[in-house]
Every structure is written in structure tokens, then in C-alpha cells.
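Quick notes on the structure that follows.
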Amino acid sequence: MTIGLDDVVAAETALSHVDGEAGRLIIGGHDLEELAGRVAFEDVVAMLWSGLAPEVSADPRARLGEARARAYGHLAPLAERLAGLTPVEGMRLLLASLADAQEDHPALAVGAAGVAAAMAVRGAQGLAPVEPDASAGHAADILRMMRNGPAATDEVRGLDTYLVTVIDHGLNASTFTARVVASTQAGILSSVVAGLCALKGPLHGGAPGPVLDMLDAIGSLENGTLGSMPRWLGASASWASVTASTGCAIRGRMCSRPPSEG
């Protein structure tokens, strides 16, 4: 039985494909498992930009480093406004301050998102922002800006891998929102802010928070509380049956995260 827009072609893209029934996430023609943990985030960015933004796909690490430094110059004066905001709300404030007329939009959008994330996390803790290191890798610099110090190699690798897993997810709620705004020619940066606003919701990007709460509620084998799982599942079944955001129909059984993010 066809439901809603099932089998209706809404868009064509070479960026990614979510095959929920098969449990596959394909990025730029590659299965996610071929890229995550094996190819650096900057190189996957360059792959997706190739043919779309060729002027910035060459030497992506240097371009993103320059973009982070440029974004910091714009965003740092707003650091005092971050008090009392959650990190996502802080990111929204910071990214919304960037003009769509800025040059080098693709690199700036990615670089600014990293700077804004680090600034927003520190701002929520009442800490001053940390200036980026344009020579560092994107994941390493985000962690350094968050902590005001270098991160361990395995931590950098972990974040770099995660950034690859979430680099593009077809027509989920946030990417679809960004596409809609971009289709109005509002500008790349405005589209990023719109996508972030969709990502903020607890049924989309906010999902990891409730997942952590779920794991705490279930318990663990080590502390002898794993037996609470059947009780937890029974109490949560009715909630789980109705909480799905736009995009879950596309993901199917993969909703709401691909296997690499499990």
C-alpha cells in the first residue's frame, strides 16, 4: 500500500543515498563503511564538492583552516551573547550573524560551523572562545577550540569518523529543510542555519540525548541492571511507535542513525 509520498521522486542528487531497507548509507557513490574511519573528513568534503564547488575542492584542509580563521574573526565578538544558551542555540545565534554575501560560501559554511560549535559549547560553560589553528585538521581543531588544548589521537580520529558519517543524509529533516531554503536562492549560510534549526529537534539531531537516557535507564551487564531492559521496552513501546520525524520513512529500519553511529 502506498502511503503519502512513497515512490514519489522529490529530488535527484549525487551526494548521498539512504537505503533504509538494505541498511546502507551511500556517500558520493561509496558505502559509508568505505569512508568512515578510513578517509579524512576534509577529503570526503572535497569529493562531494567536486563538480559543485571545484574552486574550493582543491586542498580542502587548507581552505577549511582559512575558513575557520575567517569565521572566528566574525564570530568572536558575539561570545558574550552565548551565556544562558544551549550549545545548539548558541550555534544558531553565531551562524545567523554571517552574511550571505560572504565570499567562498562552501568553505566558510563548513569552517564556521566548526568554530560556532566550539564557541557555543564553551559559551554555555561561561568560558571564553579559543582562536582556531588554521594549520590543524578540522576535527582536531574543533576539539582543541572546545578544550583550549590538544586532543588525544583516538579522540580526533573518533570525531573525524563521526563527521564523515553525518556529512550528508539525503532527504532527512535537516538536509531537506536546507534544500528547501536553498531552492529559494536565500543563500548557503541561510540554508545552513535553517538546517540547524531542524537538526535541533529531539526527534532528529537531538535524538542522541534521549538515547543516552535510554541506556542509563536500561542499565548494564557490568552493574547487574541489564535485566531492566524488558520492563523498559514495555514502558517505551507506545512512545516509540509515534515519535518519528520527517525522514524516518526514507531511512526505514535505519532510522534514526546509520550503523556507524549506533
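In the stretch 121-137, which residues are among the β-branched types (Val, Ile, Thr) and part of a helix (DSSP H, G or I)? Give the derivation first.
Step one: of the stretch 121-137, the residues among the β-branched types (Val, Ile, Thr) are 121, 130.
Residue satisfying the conditions is VAL121 alone.
Please tell me if ASP168 is closer than 22 Å to LEU25 by Cβ and modelled with pLDDT under 95. Break it down into steps so the answer makes sense when it comes.
On the way: closer than 22 Å to LEU25 by Cβ: yes; modelled with pLDDT under 95: yes.
Taking the combined requirement at face value, the residue satisfies it.
With the requirement that a residue be surrounded by fewer than 22 Cβ atoms within 10 Å (Cβ to Cβ) and not polar (S, T, N, Q), what does the stretch 179-192 give you?
Residues of the stretch 179-192 surrounded by fewer than 22 Cβ atoms within 10 Å (Cβ to Cβ): 179-190.
Of everything in the stretch 179-192, those that are surrounded by fewer than 22 Cβ atoms within 10 Å (Cβ to Cβ) and not polar (S, T, N, Q) turn out to be ARG179, VAL180, VAL181, ALA182, ALA186, GLY187, ILE188, LEU189.
Anything in the stretch 26-35 that is outside any loop (DSSP other than H, G, I, E, B) and either more than 11 Å from ASP168 (Cα to Cα) or modelled with pLDDT under 90 (or both)? List them, or say none. Lay out the reasoning, then the answer.
At the first step, the residues of the stretch 26-35 found to be outside any loop (DSSP other than H, G, I, E, B) are 26-27, 30-35.
Correct list: HIS30, ASP31, GLU33, GLU34, LEU35.
When you check VAL56 against the structure, is it assigned by TED's automatic domain parsing to the domain that holds TYR162, surrounded by 18 or more Cβ atoms within 10 Å (Cβ to Cβ), modelled with pLDDT of 95 or more and among the β-branched types (Val, Ile, Thr), yes or no?
no
Each row is one residue, and each column tells you yes or no for (1) assigned by TED's automatic domain parsing to the domain that holds VAL130; (2) surrounded by 14 or more Cβ atoms within 10 Å (Cβ to Cβ); (3) touching a strand residue (DSSP E or B) at 6+ places or on another chain (Cβ under 6 Å).
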{"residue": "GLY20", "(1), (2), (3)": "no, yes, no"}
{"residue": "GLY37", "(1), (2), (3)": "yes, yes, no"}
{"residue": "ALA46", "(1), (2), (3)": "yes, yes, no"}
{"residue": "LEU52", "(1), (2), (3)": "yes, no, no"}
{"residue": "PRO60", "(1), (2), (3)": "yes, yes, no"}
{"residue": "ALA69", "(1), (2), (3)": "yes, yes, no"}
{"residue": "MET91", "(1), (2), (3)": "yes, yes, no"}
{"residue": "ALA96", "(1), (2), (3)": "yes, yes, no"}
{"residue": "HIS105", "(1), (2), (3)": "yes, yes, no"}
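Which of the numbered conditions does LEU98 fail, given that it passes all the others? Conditions: (1) closer than 18 Å to ALA178 by Cα; (2) in a helix (DSSP H, G or I).
All conditions are met except number (2).
Would you point out which residue out of ASP141, ASP154, ASP160 is modelled with pLDDT of 95 or more, loosely packed, with under 15 Cβ neighbours inside 10 Å and either acidic (Asp, Glu) or over 18 Å from ALA76 (Cβ atoms) (or both)?
On inspection, the qualifying residue turns out to be ASP154.
Could you tell me whether any residue of the stretch 102-117 is over 24 Å from GLU55 (Cβ atoms) and either more than 16 Å from the chain's Cα centre (by Cα) or assigned to a helix (DSSP H, G or I) (or both)? First the steps, then the outcome.
Residues of the stretch 102-117 that are over 24 Å from GLU55 (Cβ atoms), as a first pass: 117.
When the remaining residues are screened for being either more than 16 Å from the chain's Cα centre (by Cα) or assigned to a helix (DSSP H, G or I) (or both), the result is 117.
Within the stretch 102-117 (the criterion being over 24 Å from GLU55 (Cβ atoms) and either more than 16 Å from the chain's Cα centre (by Cα) or assigned to a helix (DSSP H, G or I) (or both)), the answer is yes, since at least one residue qualifies.
The values are calculated or read from the model by the stated rules, or taken from the named source; none is laboratory data. Owing to the predicted nature of the structure, the values given are computational and were not obtained by experimental measurement. Cβ coordinates were reconstructed from backbone atoms using ideal geometry, including for glycine residues, and neighbour counts include every protein chain displayed.
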